[in-house]
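Here is the structure we will look at.
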Amino acid sequence: MRVDLFDFELPQDLIALRPAVPRDSARMLVVRGEGAFADRAVRDLPDLLEPGDVLVFNDTRVIPAQLEGRRGEARIGATLHKRIDLRRWQAFVRNAKRLREGDRIEFGADVTAIAEVRHDDGSFTLAFDGEEPVEVLLERAGRMPLPPYIAQRRETDERDRADYQTMFAARDGAVAAPTAALHFTPDLLARLEQRGIVTETLTLHVGAGTFLPVKAEDTDEHRMHAEWGRIDAVIADRLNAARQSGRRVIAVGTTSLRLLESAAGEDGTIHAFEGDTAIFITPGYTFRAIDGLMTNFHLPKSTLFMLVSALMGRERMQAVYAHAIKEKYRFYSYGDSSLLLP
């Protein structure tokens, strides 16, 4: 499909620069099939779901993966996006034309790395010096990797270390938050449990590739960056049992959805999974593992807007976004939410 079919105009003042306080006070646009839209709030979620529904969260934890350093007199910026092994990460590099294979980058706080390999997409494999775990080095020298549409408008600060982390964050490795789950609070989770809503977790370490623009003119020409994920066998069994008994599985965030669909067989059975996925979901895709999605509002012409268009229909989602813009919903990572129930 033509990428420009997924375009829309968004007023810049609707891009959220901070999350709602408290988190579950964010607005939520509820979309059911072909019915009317409902303007609600995230705190209403227990009343919008049925007992037995299963919400699936991503328990990845965002690491401070953005580094600023120097190679000689040249300033070099690096955003780690995929672990290769204990000492090596693949990274998108700013000012990459000043960097050659074999160069050492000084990131400050006694953190240095060698630019080992330049990849075809312009990224580098960085090999970090020393014996400390890279995550320890990042805590010392790194910053939270806020999305470009926020970082271009304000400085990252200490508050972001908490704001850009979900309450489910447990497994280090993401360089972007699974932002749909940023809206959840212990109080909301307790009320969901009282309602009989089940929660499960999986892990997908979100990469910085999620923010890369689609430069191709046709969706068939776009290639996704791979991300690592895992679904434990016991969780896969519980999800399969839920669906077999007629209960709905609702992904909280496109990251959870993409991993569930990656792990599902042709018959919809969800299998244990551990490894990379580069699944790219566009209209025409047949969903096998999920019955709904809770997600924030996405960028125009992005792979994630294509995904929600595949779930609900492209024209339907253009109408949903037009309503959200008219009603001044807050967009993107720190913005409001939507509940999509086909």
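Points to keep in mind about this one:
- Distant alpha-carbon pairs in the stretch 6-133 (separation over 26 angstrom), percent: 51 percent
- Using the Cβ-Cβ distance between D237 and K326 with R0 set to 45 Å, the FRET efficiency from 1/(1 + (r/R0)^6) comes to roughly 0.55.
- Sum of -39500 (n - 2.57) over DSSP H runs of 4+, divided by residues of the chain (222 nm, nearest 500): -6000 deg cm²/dmol
- Residue list for the stretch 186-200, given a label point 7 angstrom along the Cα-to-Cβ vector of S245 and an amide N cut-off under 14 Å: 196-200
- In this structure, T185 and A151 have a Cβ-Cβ separation that, at R0 = 35 Å, corresponds to a calculated FRET efficiency of about 0.85.
- Against the empirical 2.2 N^0.38 Å (N residues), the stretch 62-132 has a Cα radius of gyration ratio of 0.98.
- Computed P(r) (all Cα pairs; the stretch 261-340; 5 Å bins; percent): 3, 14, 21, 24, 17, 11, 6, 3, 0
- Whole-number D in µm²/s for the stretch 109-262 (Stokes-Einstein; Kirkwood sum over Cα pairs; 25 °C, 0.890 mPa s): 132 µm²/s
- Residues of the stretch 77-173: accessible area per residue with a 1.4 Å probe, Å²: 52 Å²
- FRET efficiency, 1/(1 + (r/R0)^6) with R0 35 Å, evaluated for R104 and E221 via beta carbons: 0.45
- Relative contact order (%) - the stretch 235-288, alpha-carbon pairs under 8 angstrom, separation at least six: 34 percent
- Computed accessible area, S333, all protein chains, 1.4 angstrom probe, square angstrom: 10 Å²
- Cα lying deepest toward the dipole's positive end in the chain, options G33, L137, S338, charges on Cβ: S338
- Going by accessible surface with a 1.4 Å probe and the largest first, S262, S337 read S262, S337.
- Accessible area expressed per residue, the stretch 209-340, with surrounding protein chains retained (probe 1.4 Å, Å²): 40 Å²
- Shape parameters for the stretch 42-86, alpha-carbon atoms, Rg then Dmax in Å: 20.4, 61
- The value of relative contact order for the stretch 193-324, using C-alpha pairs under 8 Å at least six residues apart, is 25 percent.
- Backbone amide hydrogens, once placed in the peptide plane, bring D129 within less than 5 Å of T112, A113, I114, excluding anything fewer than 5 places away on its chain.
- Within the accessible area of the stretch 67-210 (1.4 Å probe), percent carbon and sulfur: 46 percent
- Selected from Y285, Y329, Y321 as most flexible by GNM, with the chain as the system and alpha-carbon contacts under 10 Å: Y285
- Debye, to nearest 20: dipole size of the stretch 288-342, +1 on Lys, Arg Cβ, -1 on Asp, Glu Cβ: 140 debye
- Computed over the chain: relative contact order in percent, which uses C-alpha pairs under 8 Å that are six or more apart: 25 percent
The values are calculated or read from the model by the stated rules, or taken from the named source; none is laboratory data. Please read all numbers here as calculations on a predicted model, not as lab measurements. Neighbour counts run over all protein chains shown; Cβ positions are idealised from the backbone, glycine included. Ligands, DNA and RNA are stripped out before the accessible areas are found, and what is left, the full protein with its side chains, is counted by its heavy atoms. Shrake-Rupley method; radii C 1.70, N 1.55, O 1.52, S 1.80 Å.
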